[in-house]
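The block underneath contains the structure these notes are about, expressed in structure tokens.
The values are calculated or read from the model by the stated rules, or taken from the named source; none is laboratory data. Owing to the predicted nature of the structure, the values given are computational and were not obtained by experimental measurement. Please note: Cβ atoms are built from the backbone with ideal geometry, for glycine as well, and neighbour counts cover all protein chains shown. With ligands, DNA and RNA removed, areas are computed over all heavy atoms of the protein, side chains included. Shrake-Rupley method; radii C 1.70, N 1.55, O 1.52, S 1.80 Å.
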Amino acid sequence: MAKPIITAEPNYDKRVGIYYKRIPINGVRKYIGLGTDRRTAKETLLELMLKKVRGELDEGKSSVKKNDNGSPDIAIRELIHKYLDWVEGNLKKSTYKLKKGSLNIFLKEFLENESPSIFWASELTYAVLDQYKTWAKRRRSSGVLNGGNGNAREVKTLIIWGWERDLCSRPKKFPKIHTVTKTREPIPAEHLHTLINHPSLPAEFKRHIVFGLINGLRPQELYPFQWIWIRDWDKQIPYIYISEHKTSASSKVYKPRMVPLSPLARNILEEQIRLHPDSKHPFLNGQGKAYATADAFRQRFWRWCDRSNIPRYCPYQLRHNWASIAEIPDPSDRMLLMGHSNLTTSLGYKSPAMSRLNGIMEDASNKFQEILEIK
């Protein structure tokens, strides 16, 4: 049987809108994406064929080299390995897991399957990174807020990290990374009232929303809320204690956050204890399970925004509702309650300070009960 003839003319995949070529590599014909521009695709294909002739796709080559212009270069796999070693030693465990998972997608699912010809960090050009961003949005993050942008951001961070340490060069330009940011505007009171008092809103989801609202919680603190975060439940001033939150997002030294529970918050938790006595999470989704991600909670929140005929607000805006209604004369108290500082160090667990903060939380909670007619 005759071997297939490889021409320098790329094929066009109408399904995803990119040019491609199937090239035999190690006995297997692999699909290689070449981008959306025909001229660039043809140039890339010619370069790829020359590499194949020179044997540059073989496995045994060195992982570090100098380019013709004298700039340092490193194999992508080796760069990722060094970067993850640094992340593991300097950032917290959850950050390491997140970056490792994202970069594994880039290396094993995109490069090895879609662009196996790319080996060196210097080959991560604007066109390749833009192609990856599009691929990630379609294949990995379809329908997810900021889909594809998060994947692209991790690779950009990787390249810049290597460039700052003289391990590799960097593109002159990176693809634009668009992020749907959290608005700092609170949800209008009339819209929040409509949502909270929707006749079909599940009672448990309503309590979940109200609990986040009256405590000024971030979505990443609200959706996975756990019983172990409650301290001094049987004492005069029980409080929420969150050891890892946004303030400590990039540090291995965690900065705990403490929020005194108002009577309304305690009543909500008492009802949830009655409903889920054996669950480590007070609030569960419609299937009786803990929310797996912040996006799962956000999607459910949006569905009820739609059913309430109000705009799709971000759950993070509930936090700004709390900040706008809570009367906190002392800026340091605001920082403590919002989780912008180390509460343990600042208060030293002194009861007078906790009593003052407890009064602030109760006052804000009472105002929400009146405005939203929460019973």
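In segment 290-307, the residues that are closer than 21 Å to L98 by Cα form Cβ pairs under 8 Å with partners that are open to solvent by 30 Å² or more (accessible area, probe 1.4 Å) and aliphatic (A, V, I, L, M), at six or more places apart or across chains, as follows: D295/V144; D295/L145; R298/L145. Does R207 qualify as being at pLDDT below 90 and under 30 Å from R303 (Cβ atoms)? So R207 does not fit the description; no.
Going by the conditions given, is E190 surrounded by fewer than 14 Cβ atoms within 10 Å (Cβ to Cβ), at pLDDT 80 or above and outside any loop (DSSP other than H, G, I, E, B)? Criteria met by E190.
Of the numbered criteria (1) among the charged types (D, E, K, R); (2) within 30 Å of V128 (Cβ to Cβ); (3) at pLDDT 90 or above, the one R231 fails is (2). Total residues in segment 210-228 satisfying the condition of being more than 22 Å from the chain's Cα centre (by Cα) and surrounded by fewer than 22 Cβ atoms within 10 Å (Cβ to Cβ): the figure is 3.
If you check every pair at least six apart or on different chains, which have Cβ atoms under 9 Å apart with a residue in segment 62-73 that is modelled with pLDDT of 75 or more and hydrophobic (A, V, I, L, M, F, W, C) first and a residue that is open to solvent by 30 Å² or more (accessible area, probe 1.4 Å) and assigned to a loop (DSSP other than H, G, I, E, B) second? The qualifying pairs do not exist here.
Would you say T181 is open to solvent by 50 Å² or more (accessible area, probe 1.4 Å), closer than 30 Å to M361 by Cβ and either at pLDDT 90 or above or assigned to a helix (DSSP H, G or I) (or both)? So T181 fails the test.
Could you tell me whether K51 is at pLDDT below 85, assigned to a loop (DSSP other than H, G, I, E, B) and basic (K, R)? Answer is no for this residue. Taking segment 66-167 and the helices (runs of 4 or more DSSP H) fully enclosed by it, the elements with 3 or more residues that are farther than 19 Å from L48 by Cα and acidic (D, E) are at 76-90.
Screening segment 81-119 for residues that are hydrophobic (A, V, I, L, M, F, W, C) and open to solvent by 80 Å² or more (accessible area, probe 1.4 Å) and picking the one that is farthest from the chain's Cα centre (by Cα) gives W86. On inspection, H198 passes the criterion of being in a loop (DSSP other than H, G, I, E, B) and either modelled with pLDDT of 95 or more or open to solvent by 30 Å² or more (accessible area, probe 1.4 Å) (or both).
Yes/no matrix, rows are residues, columns are (1) touching a helix residue (DSSP H, G or I) at 6+ places or on another chain (Cβ under 9 Å); (2) at pLDDT 70 or above; (3) within 22 Å of I228 (Cα to Cα):
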site	(1), (2), (3)
E244	yes, no, yes
S248	no, no, yes
R298	yes, yes, no
D330	yes, no, no
P352	no, no, no
L357	yes, yes, yes
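The number of residues in segment 120-129 being in contact with a Lys or Arg (Cβ under 9 Å, 6 or more places away or on another chain) and either charged (D, E, K, R) or open to solvent by 60 Å² or more (accessible area, probe 1.4 Å) (or both) comes to 1.
Can we say R274 is outside any loop (DSSP other than H, G, I, E, B), within 18 Å of F211 (Cα to Cα), among the basic types (K, R) and under 23 Å from the mean Cα position of the chain (by Cα)? Judged against the criteria, R274 is not a match.
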